[in-house]
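Novice: Structure below; questions to follow.
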Amino acid sequence: MNSCEFEGVGFSGEDLAVMFSRNPEATRAEIARKKEARAQQAREANMRADLGIIREYLDNLRELSRRHAKSLTREKGPSTQDRVGIAHLTRVVRGLHTQVEKLRAAGHPMAAITRLTLPVVWAGGLPLHKGLTLSLQGQQGVVVEALEGRGEITVTVGTSTGSWEVAKLLDAKDVQPTVDAAAFGTEAFERLAPSLREGVLSGLSDGAQEELLTGALGALPVAAEVQPALVVTPLVPMDAVAVAETATPVVKLSARFGLSVAAQLPQEAEQVFAIQGDHLEPGADGDMLLALVLRPNGEVRQVTVVLRDEARLAQARTLMCSGSTRLRERVMHLLSAA
């Protein structure tokens, strides 16, 4: 220990605790347990903060939709106060939308709440709904019923059904939304009027659009510039020159074609390509596909970008709703190289 003073080496508090302990192994185990407990507390705190953002996002979406619908019922059209209020809510939703998209892109499980079609009761900082799972005081429960204004919720623990106090839900852990796929539908943002969606997304910067494109289809590889080698062609008789046949392109790219994004292959797809970096491979193997519908003359009439990853799909939809042409440009680049 004395040499540490001269060698610039020191001991942490944990090292000292183990060093002077009569039972080092037990001390190490206790330190590890406390570390895990603190890490779990940090995870739960972050989860609660993220849920606060999601709740605020959904509340402001509803208010924006309500305010817009109310303004349309006025005899002389939306008032000045309506326009100011809608503009303010649009700015608020724009900031929250960006945060929720980041949570979704990071695979946050509770981001799925924005697609939930079941009734949601916010209590104890949680989006209570049928099928929500959570643990409280060492018991794993599944919510059966949660009603607004009630001090208790009905949960199933194992094979028994009972009640948990809402006030105690502040200590709940391991919160996960229902696993019932039928409980989810269209994104809450997509249920806004088209004009409201455009207003929210119109504020996206070029950098944000590029980030969405990269998240949806991946970064476009940058090819190194290659200088063509000097080729010396020997003189040969004309009759020895073979006329090369012109290869028919795989894709006849037209100047105008429809573009959409989807999670599944459309039934009407006539050609399917898998996106592999900066080129296409024929076939439907992969999580990122291009599905083509052709005109009678063989030109491309409709392109569907199929993204089986939920986060990528959400980013591509956001990019398209923003009015950006970056997704179309990327698709044209891929098709022209096919």
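Novice: Which of (1) closer than 16 Å to Gly52 by Cβ; (2) assigned by TED's automatic domain parsing to the domain that holds Ser65; (3) touching a helix residue (DSSP H, G or I) at 6+ places or on another chain (Cβ under 9 Å) does Leu128 not meet, given it meets every other one?
Specialist: It fails just one condition, (2).
Novice: Looking only at segment 257-278, filter to residues that are modelled with pLDDT under 85 and more than 26 Å from Thr186 (Cα to Cα); which one of those is surrounded by the fewest Cβ atoms within 10 Å (Cβ to Cβ)?
Specialist: Gly277
Novice: Same structure, new question: In segment 24-67, which residues are among the acidic types (Asp, Glu), surrounded by fewer than 17 Cβ atoms within 10 Å (Cβ to Cβ) and modelled with pLDDT of 80 or more?
Specialist: Glu25, Glu30, Glu56, Asp59, Glu63
To keep it simple, each residue is scored yes or no on (1) assigned to a helix (DSSP H, G or I); (2) touching a residue at least 40 places away in the same chain (Cβ under 8 Å); (3) small (Gly, Ala, Ser); (4) not assigned by TED's automatic domain parsing to the domain that holds Val175.
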| position | (1), (2), (3), (4) |
| --- | --- |
| Arg48 | yes, yes, no, yes |
| Asp82 | yes, no, no, yes |
| Gly95 | yes, no, yes, yes |
| Thr98 | yes, yes, no, yes |
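Novice: Another question, if that's okay. Exactly one of these conditions fails for His97: (1) within 30 Å of Gly125 (Cα to Cα); (2) modelled with pLDDT under 90; (3) surrounded by 15 or more Cβ atoms within 10 Å (Cβ to Cβ). Give me its number.
Specialist: Exception for His97: condition (2).
Novice: Out of segment 145-179, which residues are touching a Lys or Arg at 6+ places or on another chain (Cβ under 9 Å) and either in the same structural domain as Ala263 (by TED's automatic domain parsing) or part of a helix (DSSP H, G or I) (or both)?
Specialist: Passing the criteria: Val166, Leu170.
The values are calculated or read from the model by the stated rules, or taken from the named source; none is laboratory data. No experiment lies behind these values; they were computed from the predicted model shown. Virtual Cβ from ideal backbone geometry, glycine too; neighbours counted across all protein chains shown.
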